Structures are given as C-alpha cells and as structure tokens.
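Worksheet: the structure to be examined is printed underneath.
The values are calculated or read from the model by the stated rules, or taken from the named source; none is laboratory data. All figures in this text were calculated on a predicted structure; none of them were measured in a lab. Note that we place each Cβ from the backbone using ideal geometry, even for glycine, and neighbour counts take in every protein chain shown. SASA here: full protein model, heavy atoms, side chains in, ligands and nucleic acids out. Shrake-Rupley method; radii C 1.70, N 1.55, O 1.52, S 1.80 Å.
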Amino acid sequence: MDDIIINNLTKDYGGGRGIFNINLNVKKGEVFGFVGTNGSGKTTTIRHIMGFLKPQEGECLVKGLDAWKKSSEIKKFVEYIPGEIAFPDLPTGTEFLKSQAELLNLKDMKRADELLKRLQLDTSANLKRMSKGMKQKTAIVASLMCDKDILILDEPTTGLDPLMRQTFLELIKEEKAKGKTIFMSSQMFDELEETCDRVALILDGKIVNIADVNKLKDTSSRSYKIEFNNVEDYTKFKKLKFKVVRDQQKYNQVTVQIAQSKINSLFEELTKFNVKFVSEVKFSLERYFKNFLQKQGGGKNV
Amino acid sequence: MFSKALFKQSVKANWIKWLTVTVATSVMLAIVIIVLGNLAINDIRDALKDVFIQADQESEIKENSIDSYNLYLTSLDTYSMFNFLGFVTTSYDNAVAEFESENGTKPNEQQKQEIMNQVATQFSSLFPTQNGVTSEDVKQVLITILTQHENGESLDAIKLSMENWYYNTVYQNAYKLQIEDGKDEKTAVLNATFAKMVATDAISKYKQDASAEGYGYKRDDYLLIARSYINTKMYDNTYNLLKNVQGVAEEEARQYAVATKVLANTSISTYELWINEYKNAGDGNVTEEQKAEARRLASESISDQLPEKVAEALTELGNMDMYGLIIGSIFYRIAGLLLPMVFVIMTANGLLAGQVDSGSMAYVLSTPTKRRTITVTQMVYLIFALFTMFATLTATSVLSVFIAGGNNFAINYAEILLFNLGAFLTMFAFAGFCFMCSAIFNRTKYSLSIGGGLTIFSLVCTILGLFGSQVVPSAMRINAMDYFNYLSLITLFDTVSILDGGLSYLWKFGILFGVGVITFIIGIFRFDKKDLPL
C-alpha cells in the first residue's frame, strides 16, 4: 500500500477558495513535490494529511490510517515542518528542542546534534530574536531529529540563504537515500526538480498536472538555441533536417532538439552559417508546466 | 491524557505572569488588612453607634424623670385627699343618723353596707386615679375604711393604713410596668423601689409642710419642689451607680450625674410647657391622651428629632461594617480579582487559541500527542496556576489577619478563608469560560474579545452594582444600579452572606463551580472536533 493516499479530497471554503477533488498517491520511498501559487491549496492539502482539518468529502490515508480520525497515531511515523514558523513561548532554541524531544519521547539527541552541526545552528539564542533563517533551521532540526518514515514539508526552504538551501537539499537527498517517503511543497521549481521523483501542479485548489521528473529529464537528447545574424541564414538553416522545437522568427532564433550522438553533425553544419550565439537549453520543470498551461490555453502565470 | 512536557512548557511560558500577579495581589491584600486594621476604620461606626445607644438612654432617663415627677405630684394629690377622710366618716355618720331619724331604728348590717357603698361611691370620684389606682379600688378602700370606722378605729390609724396601702400600690404598679416593658427582675425591683421612695418622700414632704395641712393644699406650689427633688434624685442615683463601677473616675461619675440631672430638668420643663399649652388650649382641662403626648414629646432623643430618612440613614451607617465592605465587597470581589482576571484571560488565551493563531501548536501536534491530551494538560495547568495563586493569597490573608489581631480582628479566620475560597471559585468559573473561548476560537482576537471581554464586563458590572447594593449606606445608594449585579457572575460570590453567617453563599459557590466545570468540558470537547489552521 502507498504511504500517502488522498482520495477525492474536498474542502470548500466558499468563493472558489479551498481544494476540490484532490487525488494523490505517494509511494513508499518516493519524493513527491507539490507546486502552486500562493493560496492555491498546498497548505490546506498538507493540513489534511496531518489531520488538522476535517475533510468535507473524501479522505486522507497515511499508511492506511485515516489522517483525521487517527491523527495522533499517524504522527508516530510522520515528521512535519510547518509553513509558518512560530515557536512555543520558550526562552531559547535549546529549550524548544528539549521540550520537543520530550513530547516525541526521544532520548537520543545524537541525530539532533549532527543536524545542528550540518546546519551551523546555535540554538542557545533567544527564540524570539532569531532571524527567519535561524528559525527555519531550528524547525528543520526539530522535525528531522526523530528519524521517522514519512516527512512532510511545507515550503521548507523559505528564508534560507542559497548556501543553506543547498545544504538542506542535500539533507533531503540523504533522507531519500535512506528510503524515506517525502512530501514537500514549494514555490520554487528548481529545488523540486533537483529532489523530486514526481511533482504535482495545483491551481485554484485543483491538481492540473503531475509530472514524472525522471522521465522528463531525458538525457539521450539535448536542445540548443541558435540565433543567426541575418534572416537569410535563418531561413536557410530551417530548411535543414533538424528537429525544431521552438521557432522565434522575430529574433532569427530557433531551438533544435538533437540526439546526443548527433551533436557533431549539428556543429559541422553551423560552421557554414553566420551564427550570433549558440546555447544549450536545459530541461526545466518551470518551462514544462508553462508549456503545459499554454497548451491548456489558460496561459496563467506560475 | 496528560503530557508532562507540555505542562512544563506552559509553566515556563507563564510563570513570570503568575509571579507578578500573585505578588502584587498579595501585597494589596496585606496592605488592606494590616494597614487599614491599624487605622481603626470602624471608629466612625462605633461613634455613631454610641450616639444611638446614648439616645436610647437619654429617652429612658427623660421618661423616668417625667414619670417620677408625675408620681411625686399625684402622691401629694392622693395624700391631700386623705384629709377628706374625716368628711367621709362624718358623711357616713350623718347618713346613719338620718337613717335612724327616718326609720326610727338603727340600720342593720346589710343596711349599713348599703350606706357605706353609697358614701364610698360618692367620694371615690374625688380621689386621683393615677399610678395604677382605679376608682373601683378607691371605692373598695373607702368601704374598708368605713368598716374600720364602724369598728371604732381612730381616724389617724385609718390614715396610716391608707398610706401604706398607697405605697404598696405604687410599688406593685411600677414593678408590673417594668416587667411589661421587658426589664429584668433586678431592674424592675430597683425601679419599683425608687417609685415607692418617691411616693414616700413626697408624702413626708407634705406632712412636714404645715401650709399644706387641712384644705390649703395647692398643687402648683409643689411643681418646683417636685422638679428639684427629681433632679437631685437623678443626680444621686447616677453618681452612686457610677462611683462603684471600676474604671470610672469620680470626676467622670460627677459629670455623668450632672448630665443626667440636666436631662431630667430639661424633660420636666418641656413636659410642663406642653401641659400648660394643652391647658390653655382646652380651658384648663388636660386629657390623658394629651398628657401621654406631652410625655412623649418631652422625652424625645436626638434620633427621634431627626427627619425619618436621615435617622434611618444614620442608623444604617452606624450598623455598617466597614471591614466587611472594604475587605469583602471591595477587595475580594473587585480589586483582588482584577489582576487574577488579567492573568486568566491572557493565560487561557495563550494556552490554546494563541498557539493555534501563531501556529506553534503545530509542533505539539506533529508529535503523537492527542488533542484531548493537550486540552486536559492545559486545563490542569490553568487550574493549578489559579490554585497556587489563591493558596498564596490565603496564606497572606491569614497571616495578615493574625498580625492585625487574630480573632479580635473585625473579620475572623473562618470568614477570611471563605472569602479566599469564594474568590478562587469565581476565578475558576471565569477560567473555565476563558478556556472555552480559547478552545472554540482559532484567532486570538476573538478568544480575547469574547472570553476576556465578558470577564471584564462582569467586573465592571460589579463595580457599578456596588453603588446599588446593600453594602453601601442608603445615603450613597442608587437603587437602580443594583440591576448591574444581575449581569455579573461575581454576584454569586456573596460576601454579605458570608459575613452575616447565613448559608446562602454555599449554593452560589456550587453554581460558580458548576459554571467552571461545564465550560471546561465544553472547551475540551469542542477542541477535539474543530479544524486547526496549522
């Protein structure tokens, strides 16, 4: 059985707000990404998985247990980093971690110490005076120190500097390597692209697409964007038998897709043209969803 | 059902608030009890009470003076009539002689009785019928006298036996009136003896006075004599009584004696003035009702002379318990509740709604802790904090009462313990209510404005209601303000009933406890079922 199953989940807050008929399955050991704009329903979905909200329709199952009815039991194998960081009214980060360990019935703080070292976090600071990044790190430690099977993260990298973000993403990859099931939401495509097996796009409370990142990152072919200095070369090049995936006549630009084995033949041909520049176009989840939405005709900004 | 870690968290989050409120309230309480205790705030009340006690005594002294004055004069009247006993016997003799001349024979025993009856009836109306002597009495006495005369006794012997009969009658009558008035046996005997003495002295004065002999007695000649006699006697009585009382200096006894003499003199003059007034208005006749009215007017005290409302207000002020008001109704029901209320409002909100609103509750709920465990733990903490707070206040108040004089203090240990219990139960009810609001609402602003708002509303109503309640003297009371008391939960903390020694505060305590229990339970159940935006 899959670790997280969401069946037909609906919570209508009225006025088009809420989530509607969400269906998701997260397999054991899978890293599942959840992307969408502010207010699109990411957090609401996560709150249902955590058992904080009662589904209007449908259900959430975590390891086969109803998340609402067995809310406290599922926490035995679920770790959570909330989207909004607010700590209990305690003086220092150390006190908070100690209290949290007590609530988790956790005796061994070895893992916590290790995480603190990795994130370069000094928890003796006053909780109220911590910077957003420090708070986020504290929240990450509080959540990860227990080593449970399922990890649920609500926009975990907000507030982290780029270096720390990288460290965090490495941590996630390590957790993934241990075989943990991870469900994370984010507004940033690149970090999901880097870590996730699958990514769902949620718009206005509905899941519009689920992308299989591994399949999309097709490594056998490459794409190149080429701009010519004049229109003649541009029209001449287009007549050659290359697969054009994008054509921008206005700028004399074409984007061609070519099998890795045939790259040399492309560059041989290009020597005959007056080329302004050539650049490789890497795979991007952002572009993938943008393309998808354009095809849908919505053209909404993501 | 209970989480030690969460309990510790709550203690750490709230202990500074707890300490501040507990220390501040304890200090206030100690000041109220100890400092005000030394200021003797009940002095005003005691002074007023003295005034009213003295007013009662004043009335009594005046009444006694007037009664004794009247007794003195009527004794003279009565004795003067004894001079007419010769007329009575002569009339009888003449009647018998007439009977003989008419019928030719002496009257037999039964006929003699009839003649005696006629003569006695004729003369009985001449004798004064005061001090318990009725005309029927007089008639019976006259018949006895005529019988004695018939048996050959001398006029002087008859007079003497009459005198003794009169003294006894005065004594018996005075004793009867005193007992009817609710006086104890000793006082009644004392006053009856005094009355008999007045009668005796009056008659001996009459005997000494040659001018009064025969038919020359004039009542008006004796008015001043009677008054000065009574004045002297009142002075002597008071002085002799106080002289033997321990702790009263001779000078003081003399002062009181003079004061009594003055009262006697004033009342008798006033009485005479009224009697003259009635006499002039009624062509020389004064009815019994008018005499009684004159006596009442002449013996009025300060409180009788004040307008009824003012007298009532002053009486109430005299009976008011300043300590009960300040400690019970102002400290325990208002001032002492304010800071614990602030603590309860803030803490109850912070224990649930505040944590849901900020989102920090997510950390607790992401551990295998049930919602029920959270609510029960937070409830236990809130009750625990309140309990320790009031345990400290109880210790402070008991210690303060001990310092202020222990059981001699205006408020005893039992009352102070009940005050603390009542305040605790009141706060328990508010804690339950605020906790319920905290459990129902996800937003601090709603939890605070409804839970805290209604709690403070209750307090404000109690403050306003104080001006309409029985503890405020009627001179300052605005009865309409009493309606505010019906809007406040604190009204169920009935300090007046505790001080009165009644038991109605007990069922009110029960309601307060019930309100607390029910609201806590509603809060716990509601929190289990609601959506949490974490």
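Points worth noting:
- The C-alpha atoms of chain A define a longest principal axis, and helix A:162-177 lies at about 80 degrees to it.
- Distance violations [Cα-Cα > 31 Å] among B:Lys139/B:Lys196; A:Lys117/B:Lys529; A:Lys69/B:Lys8; B:Lys112/B:Lys279: A:Lys117/B:Lys529; B:Lys112/B:Lys279
- Using a probe of 1.4 Å on the protein chains alone, the accessible area found for A:Ile22 is around 0 Å².
- Among the GluC sites (Glu not before Pro) within segment B:98-189, those in coil by DSSP and having at most 15 neighbouring Cβ atoms inside 10 Å are B:Glu153.
- Area accessible to solvent at A:Asp147, 1.4 Å probe radius, in Å²: 80
- Simple point charges give the picture: +1 on the Cβ of Lys and Arg, -1 on the Cβ of Asp and Glu, and for segment A:221-282 a dipole about the Cα centre of about 220 debye.
- Across peptide A:40-52, the mean count of Cβ atoms from other chains lying within 10 Å of each residue's own Cβ comes to 2.
- About its Cα centre, chain B has a charge dipole of approximately 5140 debye under the convention of +1 per Lys or Arg Cβ and -1 per Asp or Glu Cβ, with nothing else charged.
- Peptide-level mean, for B:355-362, of C-beta atoms on other protein chains within 10 Å: 6
- Within the shell of other residues whose beta carbon sits under 13 angstrom from the beta carbon of B:Phe409, the net charge comes to -2, with Lys and Arg scored +1 and Asp and Glu -1.
- With Cα atoms, 0 to 90° folded angle of helix B:4-30 axis to chain B main axis: 30
- A cut-off under 11 angstrom between Cβ atoms defines the neighbours of B:Ser438, and their net charge, with Lys, Arg +1 and Asp, Glu -1, is +1.
- As a length-normalised measure over Cα pairs under 8 Å and 6 or more apart, the relative contact order of chain A settles at 20 percent.
- Value at 222 nm in deg cm²/dmol, rounded to 500, when DSSP H runs of n ≥ 4 in chain B each add -39,500 (n - 2.57): -24500 deg cm²/dmol
- Taking the C-alpha atoms only, the angle from helix B:371-404 to the longest principal axis of chain B is near 40 degrees.
- Note on B:Lys508: aspartates and glutamates with a C-alpha under 14 Å away, same-chain residues under 8 apart excluded, are B:Asp494.
- Given B:Lys62/B:Lys291; A:Lys176/A:Lys290; A:Lys148/A:Lys180; A:Lys225/A:Lys282, the pairs whose alpha carbons are separated by over 18 Å: A:Lys176/A:Lys290
- Estimated distance in nm for a label pair at B:Thr134 and A:Thr10, the labels positioned 7 Å out from Cα along Cα-to-Cβ: 10.4
- Most fluctuating residue given options A:Ser220, A:Ser186, A:Ser143, as computed from a GNM of chain A linking Cα atoms under 10 Å: A:Ser220
- Relative contact order computed over chain B (Cα-Cα under 8 Å; 6+ residues apart), in percent: 21
- Radius 12 Å from Cβ of B:Tyr166, net charge of other residues (Lys, Arg +1; Asp, Glu -1): -1
- Of the beta bridges in segment A:4-214, as assigned by DSSP with both residues counted there, near 50 percent are antiparallel.
- Nearby aspartates and glutamates by direct alpha-carbon distance to A:Lys128 (threshold 13 angstrom, same-chain neighbours under 8 apart not counted): A:Asp89, A:Glu95
- Each Lys and Arg contributes +1 and each Asp and Glu -1, all at the Cβ; summed about the Cα centre of the protein assembly as shown, the dipole is approximately 9820 debye.
- Inter-chain Cβ neighbour average for residues A:76-88, partner chain, 10 Å: 5
- The slack in the chain from B:Asn117 to B:Leu417, taken as 0.36 nm per residue of separation less the alpha-carbon distance, amounts to 100.2 nm.
- Theoretical gain in end-to-end length, B:Ser125 to B:Glu312 [0.36 nm per residue, Cα-Cα removed]: 62.7 nm
- Separation of the B:Asp181 and A:Val275 label points, Cα + 7 Å toward Cβ, nm: 13.6
- Relative contact order, percent, segment B:84-213 [alpha-carbon distance under 8 Å, six or more residues apart]: 18
- Chain A: most fluctuating residue of A:Lys238, A:Lys137, A:Lys176 per GNM, C-alpha cutoff 10 Å: A:Lys238
- Taking the helices alone, chain A has a mean residue ellipticity at 222 nm of -9500 deg cm²/dmol, built from -39,500 (n - 2.57) per DSSP H run of at least 4 residues and averaged over all its residues.
- Taking each of A:Lys241/A:Lys262; A:Lys28/A:Lys135; A:Lys206/A:Lys295; A:Lys63/A:Lys206; A:Lys28/B:Lys530; A:Lys75/B:Lys530 in turn, the alpha-carbon distance tops 21 angstrom for A:Lys28/A:Lys135; A:Lys63/A:Lys206; A:Lys28/B:Lys530.
- Proximity of backbone amide H atoms, modeled 1.01 Å from N, is registered between B:Asp321 and no other residue at under 5 Å, excluding neighbours fewer than 5 places apart on the same chain.
- Amide H to amide H, with H built 1.01 Å from N, A:Thr92 comes under 5 Å of A:Leu127, counting only residues 5 or more places away or on other chains.
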